[in-house]
1. Could you list all residues from segment 146-169 that are assigned to a loop (DSSP other than H, G, I, E, B) and either of a type in the set (A, V, I, L, M, F, W, C) or in contact with a helix residue (DSSP H, G or I) (Cβ under 6 Å, 6 or more places away or on another chain) (or both)?
2. Which one is nearest to F18 (Cα to Cα) among residues in segment 201-218 that are assigned to a helix (DSSP H, G or I) and open to solvent by less than 70 Å² (accessible area, probe 1.4 Å)?
3. Could you grab the pairs with beta carbons closer than 7 Å, sequence gap of 6+ or different chains, first residue in segment 95-112 and of a type in the set (D, E, K, R), second one assigned to a helix (DSSP H, G or I)?
4. Out of everything in segment 109-122 that is surrounded by fewer than 20 Cβ atoms within 10 Å (Cβ to Cβ) and among the small types (G, A, S), what residue ends up being nearest to K174 (Cα to Cα)?
5. Inside segment 170-185, can you point out the residues that are touching a helix residue (DSSP H, G or I) at 6+ places or on another chain (Cβ under 9 Å) and either open to solvent by 60 Å² or more (accessible area, probe 1.4 Å) or part of a helix (DSSP H, G or I) (or both)?
6. Could you please give the count of residues in segment 9-61 that are under 13 Å from D88 (Cα atoms), exposed (fewer than 14 other Cβ atoms within 10 Å of the Cβ) and either touching a Leu at 6+ places or on another chain (Cβ under 7 Å) or among the polar types (S, T, N, Q) (or both)?
7. Being of a type outside the set (V, I, T) and not in a helix (DSSP H, G or I) is true for just one of F54, F18, F11, F73. Which residue is that?
8. Select from segment 62-108 the residues that are among the charged types (D, E, K, R) and within 30 Å of F18 (Cβ to Cβ) and write down the one among them that is most open to solvent (accessible area, probe 1.4 Å).
Amino acid sequence: MALCPAEDTVFYLDGNAFIPSLAKLQQADPFEGKFLFDTKDFETTLKENCGDQFDIVQQWIRDALWTPTDKHFFAENNNWAKLAVPTDKDRYFEFLNKTHYAWCWFQSDNESVAMWNTHGKEGVAIATTVRDLSSALKATNYDFEFGKMYYYHRRARFSGTEKKLFALRPQFLKRIEYEHEKEVRFVATCAPETEGLLLNGVKPKTWIKQVRLWPGLISQEEDSLKTVIAKELPSVPCCKSDLMQTDGKAMSRMKEDLRAQAAKKAEQQWKKGEDGVPFILKNL
């Protein structure tokens, strides 16, 4: 399942999809796309992957990715040559995070409270299969790799096999604190974009198999979303999640609490200027 704001559902129904870069994902998780091993493991793993092309790749990193400040520093401080490999590592991962794009999905046969509360409040969950989405993505101009996330403890010692698998592939690594997400990803690589890839031609009829609506929606919101979705995907099941279904009074209280939380969050964003509205307009 993928979770998205309700308004993004229309975006998908039009055959579009936005795939964020790892650099964009870092804004929410600072450990996203990070090199988690010893610096020596970077050079070792790079040599293993590049073989007899290693010297060419290393020189390209230093010519193309080092900043003018980096080049000036090493030109003036030959005795600090030991810092060259750490600089290679830092610049390479900056490059990697700008050129790798990940479409993140929740893989499970069942919904979960964590799934909705973390990613889908007042939103929509779209269900598909790896096979169907992989086929749909082939219609784009990008090659996507599918993989499950490997969850690690921040104090973990990685084995040699783990280093070989993930040292240069942080797009499939995540801290164990996120394990509840049960995340899988479709990852593509291409030239750097601003924040992500905008895909066209991902026809919804070929990959959307079911739509589930946030369990806290009121009936009017539910009906409106169902109407929009039915126009484009009349044969696709669409219903409100029954994950939080309970007796009438309890459900009403739950809805009131959720809406109160949403209103409180909106007010906090307004006061702190996190909603994008210039402060000067708020005081006119």
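The values are calculated or read from the model by the stated rules, or taken from the named source; none is laboratory data. As the structure is a computational prediction, the values presented were derived from the model and not from experiment. Cβ: placed from backbone, ideal geometry, glycine included. Neighbour counts: every protein chain shown. Remember, those area values only see protein heavy atoms, side chains included, never the ligands or the DNA or RNA. Shrake-Rupley method; radii C 1.70, N 1.55, O 1.52, S 1.80 Å.
1. M149, H153, A156, F158, A167, L168
2. P204
3. Pairs that qualify, where the first residue is of a type in the set (D, E, K, R) and the partner is assigned to a helix (DSSP H, G or I), are K98/A23.
4. In this case the residue turns out to be A114.
5. Within segment 170-185, P170, Q171, F172, H180, E181, K182 meet the criteria.
6. 1
7. F18
8. K98
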